[in-house]
Amino acid sequence: MSAIVLIGAQWGDEGKGRATDLLGSRVDYVVKFNGGNNAGHTVVIGEEKYALHLLPSGILTPGVTPVISNGVVIDLEVLFEEIDALEARGVDTSRLRISSNAHVITAYHRVLDKVTERFLGKRQIGTTGRGIGPAYADKINRVGVRIQDLFDDKILRQKVEGALDQKNQLLVKVYNRRAIEVDEVVENLLSFRERLRPHVCDTVHELNSALDAGKTVLFEGGQATMLDIDHGTYPFVTSSSATAGGASTGSGVAPNRIKRVIAVTKAYTTRVGAGPFPTELFDEDGDFLRNTGHEFGTTTGRPRRCGWYDAPISRYAAVVNGVTDFVLTKLDVLTGLEQIPVCVAYEVDGVRRDELPDSQSDFHHAKPIYEYLPGWTEDITSARKLEDLPANCQAYVKFIESISGARISAIGVGPEREQVISVHDLLED
Ligand code: GDP
Ligand code: IMO
Ligand code: MG
């Protein structure tokens, strides 16, 4: 097996970090190819719980080389805080490779993220406030600062000056905020230079050479399909390519080297921040999912919006990502429900729609059409084979698989490393 992509099928927090950890030492590289510290991946190993934001989850597996590739935006302060915290817990981070072409998030991106959200008022997106959107906007506008710029004093100053010339006008005149000093930003960035130096390399070359040598490279997506800048519920999305295609542009590894696309999906649905969500629940069932599933953000602590499983979204994710395998997580959370609704299609203005409407207004109006499956009461957290699951639970999994567009190859029945049912090997055909 050569290159494998693992992405979220829904609106994030599907358990991607946990699924990456599942593949553990069977992969040689784990690459973060999009997003930044808007991501929050929780991995539970025995008594230890890790919350990762900027580092790929593979960093927790000894022998795996973690890579932050060109598609990522890096807040250096957060990066080194995270590295220090892991080192303090005995995790070796020395193998970390960082692309010289990745962009940096600076103080002005963080400020702009917060003030633009405030300015949007009722129309706000509910971003994580980490400066992600403004940093990607600078990249696309060709005024971004890249990791390699930190190794050239003159270029770095020129770039920060150029960016601040315009941004300070905006900050002072439109948003009524104080101007940001060039020196302040440059000094802050340079303070990380020497710590950064041993990690920086040509990750395109490193990853392609590794693949040539028969190594296995896992691309771990941040965010998810429905938050993708092109394919998500725009404008209520993040600013990067969170779908499988993003793994290629975000790393310089060609699409034809990718042999498998694993999509992680919860047995129900959650979303953080604003935007349409057809199966969202506002009643005690929503509270049940939130409390039983501990659905509070890893990054911002916000309560996650909760709803039932949405098969049109899975089918859409299967198509846009070329999903070969689903990892179904948090099945244990549904234990105890008398019946479980599954959204099989939508009704939009009186018409049944089996697929996702491509018009945002139609998606806003989409009402779920449910099929109701009988629930189960037995504890499933110690199930390790499909046959260990109660009959109704097996039927739920089979039903979801039959309408979601790809096979289900692994099932999470609890947050811990071993709380999983393996149905098909995720790395072998
Ligand atoms: P990510 O952003 O996709 O990596 O997901 P998060 O880490 O933000 O959220 C997923 C949460 O679900 C984490 O707290 C995981 O520990 C937890 N989790 C993952 N798989 C399972 C599962 O099968 N059962 C239960 N109960 N929790 C799970
Ligand atoms: P992981 O990788 C869930 C959401 C934010 C907001 C929108 C834009 O843990 O699944 P941004 O700060 O990216 O500009 O915010 O995207 N969002 C996430 N929601 N999980 C995430 O990451 C998210 N990253 C961003 O809540 O609605
Ligand atoms: Mg998360």
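The values are calculated or read from the model by the stated rules, or taken from the named source; none is laboratory data. Source: prediction; values computed, not measured. Quick reminder, even Gly has a Cβ in these numbers, built from the backbone with ideal geometry, and neighbours come from all protein chains shown. Only protein heavy atoms, including side chains, enter the accessible area calculation; ligands, DNA and RNA are left aside. Shrake-Rupley method; radii C 1.70, N 1.55, O 1.52, S 1.80 Å.
The trypsin sites (Lys or Arg not before Pro) of the range 71-171 that DSSP puts in a loop, and whose beta carbon has at most 11 other beta carbons within 10 Å, are 89, 142. Applied to the range 394-401, the Karplus parametrisation 6.51 cos²θ - 1.76 cosθ + 1.60 on θ = phi - 60° returns per-residue 3J(HN,Hα) values of 4, 5, 4, 4, 4, 5, 4, 4 Hz, with x for Gly and Pro. Taking 14, 295, 181 as the candidate residues, the one with maximal mean-square fluctuation in a Gaussian network model of the chain, Cα springs under 10 Å, is 181. The spacing between the range 391-429 and the range 268-338, judged by their C-alpha centroids, is 16 Å. Solvent-accessible area assigned to carbon and sulfur over the range 264-422 amounts to 51 percent, based on a 1.4 Å probe. Heavy-atom accessible surface of the chain, averaged per residue, reaches 41 Å², computed with a 1.4 Å probe.
Indicate the gyration tensor shape class of the range 125-259 (rounded, prolate or oblate), computed on the Cα atoms with a ≥ b ≥ c the square roots of the eigenvalues: a/c under 1.5 is rounded; otherwise a/b larger than b/c is prolate and the rest oblate. Oblate.
As a test, work out the antiparallel percent of DSSP beta bridges whose residues both lie in the chain, rounded to the nearest 5.
On the way: 25 of 62 bridges.
Of those bridges, close to 40 percent are antiparallel.
Legend: calculated FRET efficiency, residue 187 to residue 249, from the Cβ-Cβ distance at R0 = 30 Å, rounded to 0.05, equals 0.40.
Centre-to-centre, using Cα atoms only, the range 225-243 and the range 21-84 are separated by 21 Å. For the chain, the residue among 217, 169, 40 whose Cα projects farthest onto the positive side of the dipole built from Cβ charges is 169. Going by accessible surface with a 1.4 Å probe and the largest first, 351, 78 read 351, 78. When peptides 18-28, 183-193 are ranked by their average number of other Cβ atoms within 10 Å per residue, the highest-first order is 18-28, 183-193.
On the accessible surface of the range 98-251, probed at 1.4 Å, how many percent belong to carbon and sulfur atoms?
Working: 3670 of 7300 Å².
Carbon plus sulfur share of accessible area: 50 percent.
Using Cα-Cα distances under 8 Å and only pairs 6 or more residues apart, what relative contact order does the range 103-194 have, in percent?
Here the relative contact order equals 27 percent.
With contacts taken as Cα pairs under 8 Å and at least 6 residues apart, the chain reaches a relative contact order of 20 percent.
Karplus-derived 3J(HN,Hα) values for the range 215-229, using 6.51 cos²θ - 1.76 cosθ + 1.60 with θ = phi - 60°, are 6, 9, 10, 9, 9, 9, x, x, 6, 6, 3, 6, 10, 5, 4 Hz; glycine and proline are entered as x.
Structural descriptor for the range 276-334: relative contact order 34 percent, calculated from alpha carbon pairs under 8 angstrom and at least 6 residues apart.
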